[in-house]
Structures are given as structure tokens and as C-alpha cells.
1. Which residues, counting only those in region 45-64, are free of Cβ contacts under 8 Å to residues at least 24 places away in the same chain and charged (D, E, K, R)?
2. I need the helices (runs of 4 or more DSSP H) fully contained in region 49-96, keeping only those with at least 2 residues that are of a type in the set (D, E, K, R) and within 14 Å of residue 31 (Cα to Cα).
3. Scan region 35-47 and give yes if some residue there is of a type in the set (A, V, I, L, M, F, W, C), assigned to a helix (DSSP H, G or I) and within 21 Å of residue 91 (Cβ to Cβ), otherwise no.
4. Can you tell me which residue is modelled with the lowest pLDDT among those in region 38-76 that are within 20 Å of the chain's Cα centre (by Cα), surrounded by 13 or more Cβ atoms within 10 Å (Cβ to Cβ) and under 18 Å from residue 86 (Cα atoms)?
5. Condition first: hydroxyl-bearing (Ser, Thr, Tyr) and either within 17 Å of the chain's Cα centre (by Cα) or at pLDDT 95 or above (or both). Now tell me which residues in region 81-109 satisfy that.
Amino acid sequence: MATRDDLDQLIDELAEDDPALPSRVAAALERRELARQLADRRREAGLTQSELARRMQTSQGQVTRFESGADTRLSTVARYAAAVGMKVEWSLAPVARPRVTRPRPPRQAGSGTSLAASGSDIA
């Protein structure tokens, strides 16, 4: 199990006021990891940020912003990947949502039917 640190505690505290915060943080971490992987590919290919920018027909500053984890358009991600000889495979997955349990209203006496009274047999 991963060790929790001060940032994890801060996110938990802020999530009390903003329950969607943990999922937004997780999405940002996924984007940052993708940017790191692509930057690694650029370096493995022996390309500078300027050379990659020319291939992408953009500025070196845009490449720097992307590699630093800035929120980026999907088309930019695809162009970056193509410039380092890769392709992005897009997929969707359901978001794991915590189950919310709601308390059941109290049952009124005589409102339920028992199995014995309904004639059901349980073996």
C-alpha cells in the first residue's frame, strides 16, 4: 500500500468541500504521466524540444508547456506522439464511484410480509 503524505491529507481535507476534487487530481496525474512518457520517447529518439516543435509545426515553448504537464488539447497529444513515432490509443473506462448508502426508512409494524405468512418454503 502506498504511503500517504501531506498532499494526500490536503486533498482529503479539500474534498470535504469539493467531492469531485480527488477525481480531478487523478485525471491531472494521468495527463502528467502521459506527458512524461512522451518526453521520455522524445529524449530516446535523440530529439531536442526545438526539433520536436518543428516536426509538430509549433513552438518550442508549446512543447515545454506540454512536457511540464499543462492541460493540453487532444490533437496536440496526438501530434506530439506522431512526431516521436508513436500513436495514442484512445479508450474510455467507467469512473469508479464510491457507493452511497442511504439509511432505510423505518418499517411500520405490520407493513411487511413474512416468508412463512406468504407460503414460501426455504430449503
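The values are calculated or read from the model by the stated rules, or taken from the named source; none is laboratory data. Fair warning: this is a prediction, and the values are worked out from it, not measured in the lab. Cβ sites come from the backbone with ideal geometry, for glycine too, and all protein chains shown count toward neighbours.
1. Here is the first cut: in region 45-64, the residues free of Cβ contacts under 8 Å to residues at least 24 places away in the same chain are 46, 48-51, 53-54, 57-64.
Selection gives 51, 54.
2. Details: elements: 49-56, 60-67, 74-83.
Here the list reads 60-67.
3. Residues of region 35-47 that are of a type in the set (A, V, I, L, M, F, W, C), as a first pass: 35, 38-39, 45, 47.
Those left that are additionally assigned to a helix (DSSP H, G or I): 35, 38-39.
Subsequent filtering for residues that are within 21 Å of residue 91 (Cβ to Cβ) retains 35, 38.
Yes, region 35-47 contains at least one residue that is of a type in the set (A, V, I, L, M, F, W, C), assigned to a helix (DSSP H, G or I) and within 21 Å of residue 91 (Cβ to Cβ).
4. That would be 72.
5. Residues of region 81-109 hydroxyl-bearing (Ser, Thr, Tyr): 91, 101.
Matches in region 81-109: 91 only.
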